[in-house]
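J.: What follows is a structure written as structure tokens; I'll ask about it next.
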Amino acid sequence: MPASPAFLERLARVVPDLARGYGTPFHVYDAAGILASHRAVVSAFGDWPARQHFAVKALPNPAVLKLLAEAGSGLDCSSPAELLLADAAGVTGRDIVFTSNNTTRAEYEMALARGCLVTFDDVAHMDRAQRLPGTVAFRVAPHTGGASSALMGAAGASKFGVPRGRLAEAYARARARGARSFGIHGMTCANELDLARALQAARDLVATALEVEREAGITFDYVNVGGGLGIPYRPGEAPFDLAGWAAGLVGLLREAFGGRQVRLVTELGRIVTGPHGVLVTTVVNRLDKGRAIVGLDASMSALMRPGFYENAWHHVTLPFAGKERPRVLADVVGSLCENVDRFAVAREMPDTREGEIVYIHDTGAHGAAMGFTYNGRLRPAELLLMPADGVLEIRRAETFSDYVATVVEGGRPLEFTRHAAE
Ligand SMILES: *Cc1c(COP(=O)(O)O)cnc(C)c1O
């Protein structure tokens, strides 16, 4: 879906000057929109005890994490670096959920030392932990139809979580080690736009939680439904029915656990920041190769999704082209020596001219975060459009010195390799 009219209008006021004076490409995020989406999540749950922890991996910029933390959001971390980002944003303890996979003992120790709400991805991880977190939670491996999708892979073939058949024993082991407080985690969907499917996946998780309570003789303090709510990338798609989902979840919990108000935890990323980012680029080439080729000054190193996921789609617009342009079928491409480096393929759009600004929409989640430097195409800057219209630079563009910052000039002989050879 195109960025919101309010965001586009405010962008239009600053982008021409930014393009001239600062240069493109850059990702720009709308602080007001991000805060509004966070508040929409929080208010959807009404009085039910619920906590939203923003999934850091979606947009790991400290300024954005701080903005969300100040608005009351918790954070969801999955790696040591993300825990350090949470430290920098002043978020710690149970304001962090640590939901990781293929995790080392040292990584869990880092999360345990901070008092995070830890989700163990496997029983072996708990067995290796010298001390248990205050509340022990396991991630449930996807095992029902509701949880399968193109992004997550088929239920049953997933690398994530504890298989359904081993859950009760996992919790019984935790109880035997003294645990008295329990949570359960299920990443129930991925980029899901369909309310019925999202609720079915949550229903499967709640049913599993109820069965595991009986089998293991425990009670859950919280159910963590993870993230995975979708945003409408394509024009014409409807936004996800957040209010309907929240009401449905609360209904499910009420029905399943009777009078007990089991806390709800969410780790939403995409739906909070996704629609509030735009990649602002300039056309550097308008070629004709039997079809129109629009070459931008940004590459998939700035936005990997279209090349990485088969069905990923991002809206492309020419904000300053006016209405008179003929429409063409165009491939919108970057400069990597990879044919998948295309933001759009055979897209019907207004024809472009060299030097013109192009927006790639919905880059606020899993956009800059998935950036890389292949082919020496360095990562662009990130800017934050503030509610009062000021623009903050929150990450500068990478330079050649960043690109070679980890190079060891001339090579440094490593002691241990000599010993090993002796
Ligand atoms: C990726 C991820 C999220 C966030 O997903 P979104 O699609 O951005 O909402 C939350 N929890 C876990 C465990 C994840 O892997």
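The values are calculated or read from the model by the stated rules, or taken from the named source; none is laboratory data. All values reported here derive from a predicted model rather than from experimental measurement. Positions of Cβ are generated from backbone atoms using ideal geometry, with glycine treated the same way; all protein chains shown enter the neighbour counts. Heads up: the accessible areas ignore ligands, DNA and RNA and are worked out on the full protein's heavy atoms, side chains in. Shrake-Rupley method; radii C 1.70, N 1.55, O 1.52, S 1.80 Å.
J.: What does the helix-only formula give at 222 nm for the chain: each DSSP H stretch with n ≥ 4 adding -39500 (n - 2.57), the total divided by the residues, and the result rounded to the nearest 500 deg cm²/dmol?
T.: -9000 deg cm²/dmol
J.: Also, I was wondering about something else. Out of the trypsin sites (Lys or Arg not before Pro) in the range 322-381, which ones are loop residues according to DSSP with at most 11 other C-beta atoms within 10 Å?
T.: 323, 353
J.: Let me ask something else. Do you know the relative contact order of the chain, to the nearest whole percent, from alpha carbon pairs under 8 angstrom that are 6+ apart?
T.: 19
J.: At most 13 other Cβ atoms within 10 Å and a DSSP loop assignment: could you name the GluC sites (Glu not before Pro) in the range 226-297 that fit?
T.: 237
J.: Please report, as a whole percent, how much of the solvent-accessible surface of the chain comes from carbon and sulfur atoms (probe radius 1.4 Å).
T.: 53
J.: Below 14 angstrom from the Cβ of residue 91, what's the summed charge of the other residues (Lys, Arg +1; Asp, Glu -1)?
T.: After counting each charged neighbour, the total is -2.
J.: Something else now. Once ligands and nucleic acids are excluded and a 1.4 Å probe is used, how much of residue 304 is accessible, expressed in Å² to the nearest 10?
T.: For residue 304, solvent-accessible area is about 40 Å².
J.: Loop only by DSSP, 16 or fewer other Cβ within 10 Å of the Cβ. Give me the chymotrypsin sites (Phe, Trp or Tyr not before Pro) in the range 351-416 that pass, ordered by residue number.
T.: Passing both the DSSP loop test and the Cβ count: 372.
J.: While we're on this one: Within the set of other residues whose C-beta is less than 10 Å from the C-beta of residue 293, count the net charge using Lys and Arg as +1 and Asp and Glu as -1.
T.: It works out to a net charge of +2.
J.: Sticking with this one: Can you tell me the accessible area per residue over the range 1-47, all protein chains present, probe 1.4 angstrom, in square angstrom?
T.: Result: 46 Å² per residue.
J.: Tally Lys and Arg at +1 and Asp and Glu at -1 over the other residues with C-beta under 12 Å from the C-beta of residue 3: what net charge comes out?
T.: Charge balance near residue 3 sits at -2.
J.: Hey, which lysines would be in cross-link range of residue 57, C-alpha to C-alpha under 19 Å, not counting anything within fewer than 8 residues on its own chain?
T.: Here the lysines satisfying the reach criterion relative to residue 57 are 66, 159.
J.: Moving on to the next point. In the range 31-272, what percentage of the DSSP-assigned beta bridges are antiparallel, given to the nearest 5?
T.: So the antiparallel bridges in the range 31-272 amount to around 5 percent.
J.: Show me the helices of the chain, taken as full DSSP H stretches, that run 15 Å or more along their long axis by Cα and average -0.5 or above in Kyte-Doolittle hydropathy.
T.: Span-like helices, by this rule, are 5-21, 31-44, 195-216, 242-257.
J.: Calculate, for the range 274-403, the solvent-accessible area per residue in square angstrom, rolling a 1.4 angstrom probe over the heavy atoms of the protein chains.
T.: The answer is 46 Å² per residue.
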